[in-house]
Amino acid sequence: MSEQTKYRLLIINDVTSRQTRWFAREKEENSLVLNVGEGHARMRAEMQSLIQQGIRFQNAIFTGHGNKGVILFGKEWINRDTWYTQFYNKGFDNLFLPSAMIYFAGCRVAGGSKGWGFLEAAARSLMGLNGGTAQAWTSLGFYTPFRNHVSHVWGDTRQVKVLPRQDGLLFYENWQMIKKDGYPVRPT
């Protein structure tokens, strides 16, 4: 199996073929779009297929409806527990290159303590091997059709960075490192 590197993986919740073409930005051959509106089982299967093909990514964008500590695919919410039970230590961190950036483009995904837990679990589950950063917003977003993405006009960005081959985490709010306490640091 030969390794193939791509720049961006777009994981999109149940969109039309026209929207898929818009998100794919066909001029960017380094992008791949997965439409996983059937839920996280479909997302896992698609991601495992990419790993078996030797395809790896530098960045990923997960687009779906969100709320504090969750993102929706089809009729299934992915939360902290889903990351740990369905993705953690199951080889999904082979999909991403060192220092990958994963962005969750859903409303309020990073909100509250549940948002921190979500980002921790996603970072560990998807980037534990090579390290990287999971990022999301604490605020509502607004879809702007002419820019073809969700814009956040207020709120904070939160980032959780996992260190390569370690369980060390760094926490950032609006790109400033913060001291975070009161949250579990190991999966339960």
Highest mean first, how do 54-64, 80-90, 111-121, 165-175 rank when packing is the count of other Cβ atoms within 10 Å averaged over residues? 111-121, 54-64, 80-90, 165-175
What FRET efficiency comes out for His65 versus Gln166 if R0 is 41 angstrom and r is the Cβ-Cβ distance? Round to the nearest 0.05. 0.80
Only bridges whose two residues both fall in region 28-113 count here: according to DSSP, what percent of them are antiparallel, nearest 5? 45
Where Lys and Arg each count +1 and Asp and Glu each count -1, what net charge lies around Ile102 among other residues with Cβ under 12 Å from its Cβ? +2
Report the label-to-label distance for Lys90 and Ser113 in nanometres (one decimal), using points 7 Å from each Cα along the Cα→Cβ vector. 2.7
Rounded to the nearest 0.05, FRET efficiency between Leu129 and Asn174 (Cβ-Cβ, R0 25 Å) equals 0.35
Chain lengthening between Glu3 and Arg42 when straightened (0.36 nm per residue, less Cα-Cα): 11.8 nm
What are the ³J(HN,Hα) values, in whole Hz, obtained from phi via the Karplus relation 6.51 cos²θ - 1.76 cosθ + 1.60 with θ = phi - 60°, for each residue of region 108-124 in sequence order, with x given for Gly and Pro? 6, 4, 8, x, x, 5, 5, x, 4, x, 4, 5, 4, 5, 5, 4, 5
For Ile61, distant residues with modelled amide H under 5 Å away: Leu9, Leu10, Ile11, Tyr103
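A short reminder: the numbers here are calculations on the coordinates, not readings from a lab. Note that this is a predicted model, so its numbers are computed, not measured. Cβ atoms come from the backbone with ideal geometry, glycine included; neighbour counts cover every protein chain shown.
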